[in-house]
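> Quick one: structure below, then a few questions.
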Amino acid sequence: MAAILCENCPGQHPYTQVNQPLEISCMLLLIMFGKVFLDFFMLQVKTTTVKVSFMGYFCVSLALLDFTLLLSISFIFYFEDFALWGVRFTKYHICLFTQVVSLTYGILHYPVYLVAGLDYYMTIAQTSQFPKRGQRLLYIFAVVIIWISGFFCILKVPAIYEELHTQNHFSPYWCPLNASLQSHSVSCAMVLLTGTALLACRKEVITMLLSVRVVSFASQPVLMFSYVSNNNSVCFKWQLLTRLLICFLGTWAPFVLLQIIILFLGAQIPAYMEMNVPWLYFINSFLIAVAYWCRCHDVDLTEGMWSMDPFVSWKFCFIPFNNESTETADKPGTVIVIC
């Protein structure tokens with residue numbers, strides 16, 4: 001970008017005068033440090049080994065990009081004013097780099113979720129935990145293309161470049177960072193769909209929750225639900241929707257509540273903070289639940305089938321659980337399901 005090269009800097013906007021207040025630089029640095037820590041923490045606390053997927057590769061790439069941004073702004077913050085390969089860097093670039101990354105993150109929600117959704121829809125019935133090498137390379141290629149396309153759109157579209165230049169020209173002592181309209185619309189859609197499904201299955205959800213019991217299974221506490229088994233295709237999908245809802249909300253209810261609060265308050269969260277690994281795993285579980293529900297009759301009930309999600313166990317949404325150490329269901333004709 002022209003704004004990066006010192007010799008092309010406008011005379012009214014010299015780097016010697018455009019120095020952010022220490023508080024703003026420190027704030028961006030601390031926020032990125034916290035975000036990077038959270039990203040790598042979520043990548044490490046996965047409860048199970050999961051199948052390779054596009055979303056998994058994208059989460060790793062996001063964490064690495066956040067770490068790269070953190071290193072860059074930390075280097076600039078420490079040295080304050082230095083030249084590298086003929087380019088002069090000052091604390092102004094801490095804001096500039098964060099703005100570019102923030103704008104890029106803001107336009108990637110739709111393509112990432114679309115590709116991830118299609119990936120799960122097409123591969124949800126695969127039983128192999130280790131996909132072919134070509135599939136792995138395809139995931140890597142898709143991730144690289146999405147990042148390159150995102151940065152290309154931000155750095156090469158004149159309107160966006162002019163907006164960046166104008167913001168930093170007239171407001172050199174603060175760092176305007178916009179929220180993502182895509183993230184806002186995705187939050188609205190998820191809350192609306194989850195609420196609609198919960199409202200439609202309210203009777204089944206209440207009945208299943210009233211029958212819940214806590215039992216010990218494999219030395220771990222689990223929730224045990226009883227439900228009436230039905231071989232009818234329509235009834236099966238209706239029961240499955242109820243169980244998927246309980247599994248999803250049982251893990252991600254705080255995130256759903258947080259989204260409702262943010263939407264209700266109209267809070268504007270900068271795009272570089274909105275796209276993070278915990279948020280992507282939240283979306284990941286939602287997309288997996290949708291894929292399971294849409295292709296429920298194609299799911300093979302094998303152990304390799306249940307390693308799609310690192311945080312939610314969907315296995316017992318499909319497989320009845322029979323264990324001699326647990327009590328029989330309260331009513332005849334019922335089976336036990338653990339979510």
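All of the numbers you see were taken from the coordinates with simple rules; none came from a lab. Just so we're clear, the structure is a prediction, and the values are computed from it rather than from any experiment. Here Cβ is always computed from backbone atoms with ideal geometry, including for glycine, and neighbour counts include all displayed protein chains.
> Applying the Karplus parametrisation 6.51 cos²θ - 1.76 cosθ + 1.60 with θ = phi - 60° to the phi angles of region 284-293, what ³J(HN,Hα) value in whole Hz is obtained for each residue in order, glycine and proline being reported as x?
4, 5, 5, 5, 5, 4, 5, 5, 4, 5
> OK, next. Output ³J(HN,Hα) for region 251-264: one whole-Hz value per residue in order, computed from phi by the Karplus curve 6.51 cos²θ - 1.76 cosθ + 1.60 with θ = phi - 60°, and x for Gly and Pro.
So the J values, rounded to whole Hz, are 9, 10, 4, x, 5, 4, 4, 4, 5, 4, 5, 4, 5, 5.
> Quick query: amide H of MET308 versus all other amide H atoms, modeled in the peptide plane; which residues come in under 5 Å with a sequence gap of 5 or more or a different chain?
Placed amide hydrogens put LYS51 under 5 Å from MET308.
> So if R0 is 35 Å, what FRET efficiency would ALA189 and PHE33 give, r being the distance between their Cβ atoms, rounded to the nearest 0.05?
My answer for the efficiency is 0.65.
> Between beta-carbons, use under 11 Å as the cut-off and find the net charge around ALA63, counting Lys and Arg +1, Asp and Glu -1.
For residues surrounding ALA63, the net value is -1.
> Report the extension gain between LEU138 and VAL60 in nm, rounded to one decimal, defined as 0.36 nm multiplied by the number of residues separating them, less their alpha carbon distance.
So the extension gain works out to 26.5 nm.
> Mean 1/r over all different Cα pairs, inverted: what Kirkwood radius does region 35-80 give, in Å?
So the Kirkwood estimate lands at 11.9 Å.
> Can you run phi through the Karplus equation (6.51, -1.76, 1.60; θ = phi - 60°) for region 32-42 and list ³J(HN,Hα) in whole Hz, with x for Gly and Pro?
Once θ is set to phi - 60°, the couplings for region 32-42 become 5, 4, x, 5, 4, 4, 5, 4, 6, 5, 5 Hz.
> Could I ask something else about it? Which net charge results when you count Lys and Arg as +1 and Asp and Glu as -1 among the other residues whose beta-carbon is under 13 Å from that of THR242?
+3
> Can you compute the modelled spin-label distance between ILE269 and CYS26, with each label point 7 Å from Cα toward Cβ, in nm?
Placing both labels 7 Å beyond Cα along the Cβ direction yields 2.5 nm.
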